[in-house]
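Asks: Got a structure here, written out as C-alpha cells. Questions coming.
The values are calculated or read from the model by the stated rules, or taken from the named source; none is laboratory data. All values reported here derive from a predicted model rather than from experimental measurement. Virtual Cβ from ideal backbone geometry, glycine too; neighbours counted across all protein chains shown. In case anyone asks, the SASA skips ligands and DNA or RNA and just uses the protein heavy atoms, side chains included. Shrake-Rupley method; radii C 1.70, N 1.55, O 1.52, S 1.80 Å.
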Amino acid sequence: MTHRQYRSAAVRASALAAAALLALTASACSGPPKADTADAAAFKLSAGTPAGKAGLDSFSWAVYAEPPTLDYVSAFGYPQNTVLSNVCESLMRWNPDLTLGPGLAEKATNPDPNTWVYDLRPNVRFHDGGTLTADDVVYSLGRQMNPDNAAAWAQQFQHVSSITRTGPLQVTVKLTQPDSQFNQYMATAAGVIASKAGVEAAGKDYGTTGSLACTGPFKLGAWTKGQSIELERFDGYWGNKAKAGKAVFRFLTDPSARVNALLSGEADGGYLIPTEAYQRLRSGGNGTLYHGEGLSTVNVNVTNMKGVLGDLRVRQALSLALDRSGFVKAGLGGAGQVTGSLTSKAVWAGAPETVRTQAFTGLTPTEPDLARAKALIQEAGATGKSITVATSPIGLDVSVLATAVQAAGAKIGLDVKLKTIAPNAFTALFTDPQAREGIDMFPETYYDSITDPLDLLANFKTGAYQNFAGYSDPAYDGLVDEAVKATDPALRYALSAKLQKTASEQLLWIPVAEWPTAVFLNKRISGAPTTISYLYQPWAAEVGAAP
C-alpha cells in the first residue's frame, strides 16, 4: 500500500510508509456527498460508528509501525498522526464529516485577503501545567517555518510574511498573497500548538520522550520502544473528557499478526486494515469492519515522460486496456469504486452542483477498449517497446495494480516489465530521484489532508514535489496560482475543475479507483470515526464501551 508519509520542506509530498507496512495504505460548508454504491456491492460507507459509553478503563489499538517521532513538525505519516491527533491540537479542526471547524481558535476571521486573525479559547491548559497564550501559537507556528527544523509542513507557510501576537489570546497571520489553502491546513498537524516553555525545556528530545506539552484529551504516557505507546486521559482538558482512561497503541508490523490480534481481542481496533483480511474480519464474529470516506484515490504515477510514455497516445492506450474492476476486486478486497478522476468526489463537496458536474464530465474512460488501445499503440509506433513499472510486496494493492498494468500492456503490444523493490526502498521512489531512475510508472494511493481538490491537483504545477515526470505547462501553473489566490470558494472550485480536466486529458497520472477508509472495532468498544479525519482530530476521546 502506498501513501504519503513524508513532506518536503519545499513542496508537499506523497510518500510511502516504512518497511514494515504491508497494509492499506476546508472550507467546505457541507459534508461529503453520499457514495455512489453502484460498484460497491461488497461494502457501504458508514458516517460513523455507534457512540461509545464513558467509563472504559482502557482500550488497545493496532498500528502497523512505530512513529519515529511525535514532534508535530514531522507528523505526516499515518503512525505519527494516528497517535498525535489525540495528544496535540491544532488551531482549526477537521470534523468527522470532513468539514472545517474551530479548534484551539474559537474564531478565525479573514478581514482582508492577506490576513487571518485567530482568537484563542480562554483557559486552555497544557499537559505540562501551563495555560495557552498567543505567545505559544506564535512560537509553535514559527517552528514550522524554521528551516533548521526541516518541517514536513513548511510548504503550507510559503505565503506567510509574519505571525504576531495581537492580543493575549489573539494571533494575526499576514500573507504575501491570498492563500485559500492556508486556513484549511491549520486543521492538520501544520496548525498544532504546543507550549513554548515545554518544547524548549525538552530540547532535542522533544517528540521522543517525556511530555509533548500539548492540550489534547490525552497526554503522552509510557513509550516502550519497539512495542507500544500509552496515552493517559488528561483530566484538565478544556473540552469533553475522553471516555477511556487510557489508549494503548501497539506496534504490529506483520499484517497477519495484526489481523490475528484484532480477531483474538489482543487489540480492540485498528485503522489501515490489510485488504486481503477484509472478508475474514467481516465473518470473524467478534467485531465489525466499517468503511468511511477516505479522500483517497489509487493511481498509476507516471514518472518518466522522456521515453515511450512521453507520447500521450501510449498513456491513453494503457489506461484503456486497464481492468479497473478486476483491480478493485482483487487489490482492494471489493471495497472501492472504479474512477476516471484523480480526485475523489468528496473533496468537491463544497462546490456548486454545476461545478461538480463540470469537474466529473468527460474524464478518463474507465471501461476497457482494447481495439482503440491497440490502435493508439500502433499510431504511436510503440508496438513491442518497453516500459518499467515498480512493484513491491509492501501491499496487495501495489502488487495487484502493477500486475494489472503489465497485463494491460501485454494485450496491446506493449512490453511492460516489473521491477520488484523492497518495501523500505519503495519509499525512496517518493523522495529520491535516483531511486526513480529506470522506472517509468509506479502504483500510488494519494490521500488528501484537506477537503479541497487543490491538495492533489497542485502536484502537477511546474517543479512540484510529486511532479516526478517533469510536466510543465504555464497555463496549468497559472490556473493553480489563480485557484490558490481565489478567496471566493465557487471560483476556486471552478478553476480546480479546469485543472482536473487538463490533468485528465494529459493523463499525468492514470486514475484507477477510489479507496475508502477501513476501521475494525471489536464488540468491546465503539465510537471511532470511520473517515480519514482521524489523522487530525482527537478521535480516541470518543472511543468508549460498546453500547
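Asks: Can you tell me which residue in region 512-530 is nearest to Ala277 (Cα to Cα), limited to those that are open to solvent by 10 Å² or more (accessible area, probe 1.4 Å) and in a loop (DSSP other than H, G, I, E, B)?
Replies: My answer is Lys523.
Asks: Between Arg233, Arg258, Arg280, which is surrounded by fewer than 19 Cβ atoms within 10 Å (Cβ to Cβ) and touching a helix residue (DSSP H, G or I) at 6+ places or on another chain (Cβ under 9 Å)?
Replies: Numbers: Arg233 fails: surrounded by fewer than 19 Cβ atoms within 10 Å (Cβ to Cβ); Arg258 fails: surrounded by fewer than 19 Cβ atoms within 10 Å (Cβ to Cβ).
Unique residue meeting the criteria: Arg280.
Asks: Can you tell me which residues in region 357-412 are more than 19 Å from Val512 (Cα to Cα), touching a Ser or Thr at 6+ places or on another chain (Cβ under 8 Å) and open to solvent by less than 40 Å² (accessible area, probe 1.4 Å)?
Replies: Residue satisfying the conditions is Ile377 alone.
Asks: Does Ala475 satisfy the criteria of being open to solvent by less than 40 Å² (accessible area, probe 1.4 Å) and among the small types (Gly, Ala, Ser)? Walk me through it before giving the result.
Replies: Details: open to solvent by less than 40 Å² (accessible area, probe 1.4 Å): no; among the small types (Gly, Ala, Ser): yes.
No; evaluated as a whole, the condition is false for this residue.
Asks: It is to be established whether one or more residues within region 64-79 are open to solvent by 10 Å² or more (accessible area, probe 1.4 Å), more than 28 Å from Phe430 (Cα to Cα) and out of contact with any His (no Cβ under 8 Å at 6 or more places or on another chain).
Replies: no
Asks: Let me ask something else about it. For Arg315, state whether it is among the basic types (Lys, Arg), out of contact with any strand residue (DSSP E or B) (no Cβ under 6 Å at 6 or more places or on another chain) and open to solvent by less than 10 Å² (accessible area, probe 1.4 Å).
Replies: Working: among the basic types (Lys, Arg): yes; out of contact with any strand residue (DSSP E or B) (no Cβ under 6 Å at 6 or more places or on another chain): yes; open to solvent by less than 10 Å² (accessible area, probe 1.4 Å): yes.
Yes, satisfied.
Asks: Restricting to region 287-304, and then to whatever is in contact with a Leu (Cβ under 8 Å, 6 or more places away or on another chain) and closer than 18 Å to Ser46 by Cβ, can you tell me which residue is surrounded by the fewest Cβ atoms within 10 Å (Cβ to Cβ)? Can you show your working first?
Replies: Just the residues of region 287-304 that are in contact with a Leu (Cβ under 8 Å, 6 or more places away or on another chain), to begin with: 287-293, 295, 297-300, 302-303.
Cutting the leftovers down to closer than 18 Å to Ser46 by Cβ gives us 287-293, 295.
On the way: Gly287: 21, Thr288: 18, Leu289: 22, Tyr290: 23, His291: 23, Gly292: 26, Glu293: 30, Leu295: 28.
Among residues in region 287-304 that are in contact with a Leu (Cβ under 8 Å, 6 or more places away or on another chain) and closer than 18 Å to Ser46 by Cβ, the one surrounded by the fewest Cβ atoms within 10 Å (Cβ to Cβ) is Thr288.
Asks: Considering only region 97-209, give the helices (runs of 4 or more DSSP H) lying wholly within it that have at least 1 residues that are basic (Lys, Arg), at negative phi and open to solvent by 40 Å² or more (accessible area, probe 1.4 Å). Show your work before the answer.
Replies: On the way: elements: 134-145, 182-185, 196-202.
Those helices (runs of 4 or more DSSP H) span 196-202.
Asks: Condition (residue is within 22 Å of Leu309 (Cα to Cα), more than 19 Å from the chain's Cα centre (by Cα) and open to solvent by less than 30 Å² (accessible area, probe 1.4 Å)) applied to region 457-467: is it met by at least one residue?
Replies: No, because not a single residue in region 457-467 is within 22 Å of Leu309 (Cα to Cα), more than 19 Å from the chain's Cα centre (by Cα) and open to solvent by less than 30 Å² (accessible area, probe 1.4 Å).
Asks: Okay, next question. Please find, within region 210-224, the residue that is farthest from Val87 (Cα to Cα) out of those that are at pLDDT 95 or above and open to solvent by 10 Å² or more (accessible area, probe 1.4 Å).
Replies: Taking region 210-224 and keeping what is at pLDDT 95 or above, we get 212-224.
Keeping just the survivors that are open to solvent by 10 Å² or more (accessible area, probe 1.4 Å) gives 219-224.
Numbers: Lys219: 5, Leu220: 7, Gly221: 10, Ala222: 13, Trp223: 14, Thr224: 17 Å.
Ranking the qualifying residues of region 210-224, first place goes to Thr224.
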